[in-house]
1. Would you be so kind as to identify which of Pro61, Ile31, Ser98 lies farthest towards the positive end of the dipole of the stretch 1-123, taking Lys and Arg as +1 and Asp and Glu as -1 on Cβ and the Cα centre as origin?
2. Student exercise: in the stretch 106-225, how many lysine pairs 8 or more apart or on different chains have Cα atoms under 17 Å apart?
3. Enumerate the amide H contacts of Phe84 below 5 Å, restricted to partners 5 or more residues apart or on another chain; note that Pro and chain-start residues carry no placed amide H.
4. So the label point goes 7 Å from the Cα of Ile247 along Cα→C-beta, right? Which residues of the stretch 193-218 then have their backbone N under 11 Å from it?
5. Of the listed peptides 166-173, 30-37, 16-23, what is their order by residue-averaged count of other C-beta atoms within 10 Å, with the highest listed first?
6. Roll a 1.4 Å probe over the protein heavy atoms and report the accessible area of Ile244 in Å², nearest 10.
7. Could you derive backbone 3J(HN,Hα) for the stretch 183-197 from the dihedral phi with the Karplus parameters 6.51, -1.76 and 1.60 (θ = phi - 60°), listing whole Hz in sequence and x where the residue is Gly or Pro?
8. List the residues, sorted by chain then number, that are 5 or more residues from Ile159 or on another chain and whose placed amide H is less than 5 Å from its amide H.
Amino acid sequence: MQLTRLNYINSPLVIEYELKHLFRLKDDLTIFDIGSCEGEDSIKYSRLFPNAKIYAVEALPNNLILLEANLERYSISNVEIIPFALSDEIGLCDFYVSSGQIDGKSESQDWDYGNKSSSLLPPSKCLKEEIPWLNFSDTISVESRTLIDVCIEKDIASIDFIHMDVQGAELKVLKGAKEIINNIKVIWLEVEAIELYKDQPLKSEVEKFMNQHGFFMIKDTVDNVSGDQLYINLDKFPSKLFLIYLIFKLRLHNINNRILCLIQKLVHKMKRIVYFGYKRH
């Protein structure tokens, strides 16, 4: 299927199953989509949780224009744009702007592959090796603020869910949360196994930080390069019996999905063997 903004927005969230078990769909949630880019995930969260207040955090000026236009195009009224970067300090900082397009993919497909990898951290040699078509020809200055600073300004005492995709700067954002990190219930963040951005924390460091702050990982999609991890704050689930049941149910779901994927791959492989064996005869 051709990747377009519309079919991406209409597709299920990667963690939709988990979110439906962690929250009620009609809850008045506070959600942060940090590194919102063009806002597609904010739109998906808005549709899934219509009573939520969603903060779409994006620093890149060109993306902010597209983000605002997409919210208007899809009639989204419960998303507020936060037009700066989140980090562990307040001030102006360098922002390394990504661009580029996959060979054979055209801009007419309504999906910009290149604008989703900008970062507060400079790209490493590994990133160029892994994604050779991705360019970082521009560096701009953007405003940086901290998560606790935003929460104080917006009178936010707790955060139900954070979706964070900030290209290696995830721990900068969480360190900037300071004491409010204890009042975050669920976090879904990108994690790398190799250094794609210079001096970024890798998987083991991220896991150590999250464990030290009382978060328990319930989903891990990180391969030998990168992926995402889903964490829940153990202190925000006071019923230990429910927590044990929830962890067991979600992990069983993930195991079943992996088994199903393996079965599908094996079936596909067997079909190819049978087909090509038949063709040879």
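The values are calculated or read from the model by the stated rules, or taken from the named source; none is laboratory data. Just so we're clear, the structure is a prediction, and the values are computed from it rather than from any experiment. Heads up, the Cβs are rebuilt from the backbone with ideal geometry, glycines too, and the neighbour counts pull from every protein chain shown. Remember, those area values only see protein heavy atoms, side chains included, never the ligands or the DNA or RNA. Shrake-Rupley method; radii C 1.70, N 1.55, O 1.52, S 1.80 Å.
1. Looking along the dipole axis, the top candidate is Ile31.
2. Value for the stretch 106-225: 14.
3. Those lying under 5 Å, H to H, from Phe84 are Glu58.
4. 215-218
5. Sorting 166-173, 30-37, 16-23 by mean packing, highest first, produces 30-37, 166-173, 16-23.
6. 120 Å²
7. 10, 9, 8, 9, 9, 10, 9, 6, 9, 10, 9, 10, 7, 8, 10
8. Residues meeting the criterion, in which the H sits 1.01 Å from N, are Ile184, Lys185.
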